[in-house]
Amino acid sequence: MHRLRVCAALLLLLPWASWAEPQLTIRYRHFGFYGLNIEAIRDQLGKQNPEFAIDNIFHTDVDWEPSWSLVYHNDDAGCKIERIHTKLKMEYPLPRWLNEFDAEEELRSRWQDFYQALLEHLDGHKLIAIDALNEVERQVLTLPRYENCETADIEAEEVAQAVIDEYQQKHQEYDQTTRLGFTQGVHF
């Protein structure tokens, strides 16, 4: 009897459950530079990144491209969105120190700490983007049945875009909170 109640309770949650994580594609776009001391590296990074030239904080705009496709059930009663497939494409612009192994160990260690902090910061943006698409999925799946699928599609698009706009603000808040990654070690 207890098992039956638990199963019934879980069934009530199904329309609001998130079924799958977004399909994720990350493109790492590297730009190379040379330098054998900290001044040369800072100079090169400053040429590639205007923010870095100002305050030695390496920040890049993370390009994230969310998308989704809807699966409908259409019958005489109307059109209902049954499933949503979400995709996320991101691009990580990253510096690549081309002659790293010619430099002294202390500088290489400092570089590795910086680079790992940069990846951690970018992964924070990735998590925000994934959360955004999970929320798109959750909200779209709770939409009611519509008279036709064209209306369902329009409503779903409006809901999804509102969520994306909200999470774009969360990306900006994340950058403010981390001071563009400075609090995570994204400075050299």
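The values are calculated or read from the model by the stated rules, or taken from the named source; none is laboratory data. The structure displayed is predicted, hence computed values, not measured ones. Here the Cβ is made from the backbone with ideal geometry for all residues, glycine too, and neighbour counts use every protein chain on show.
For the range 49-79, which residues satisfy the criterion of being more than 19 Å from N134 (Cα to Cα) and at pLDDT 85 or above?
H73, N74, D75, D76, A77, G78, C79
Yes or no: L10 within 20 Å of V140 (Cα to Cα), surrounded by fewer than 16 Cβ atoms within 10 Å (Cβ to Cβ) and modelled with pLDDT under 90?
In short, yes.
Give me the pairs, please: first residue somewhere in the range 159-188 and more than 19 Å from P95 (Cα to Cα), second residue anywhere and not in a helix (DSSP H, G or I), beta-carbon distance under 7 Å, and either six or more positions apart or on two chains.
V159/L143; A160/W68; I164/P66
Does at least one position in the range 63-85 carry a residue that is assigned to a strand (DSSP E or B), small (G, A, S) and on the phi < 0 side of the Ramachandran plot?
yes
Report, by residue number, each residue of the range 86-109 that is in a strand (DSSP E or B) and either over 30 Å from V140 (Cβ atoms) or of a type in the set (G, A, S) (or both).
P93, L94, P95, R96, W97
Any idea which residue in the range 106-160 is surrounded by the most Cβ atoms within 10 Å (Cβ to Cβ), counting only those that are in contact with an Asp or Glu (Cβ under 7 Å, 6 or more places away or on another chain) and more than 30 Å from C79 (Cα to Cα)?
Ranking the candidates gives W111 first.
Please indicate, with yes or no, whether at least one residue in the range 155-168 is within 30 Å of S109 (Cβ to Cβ), in a helix (DSSP H, G or I) and hydroxyl-bearing (S, T, Y).
no
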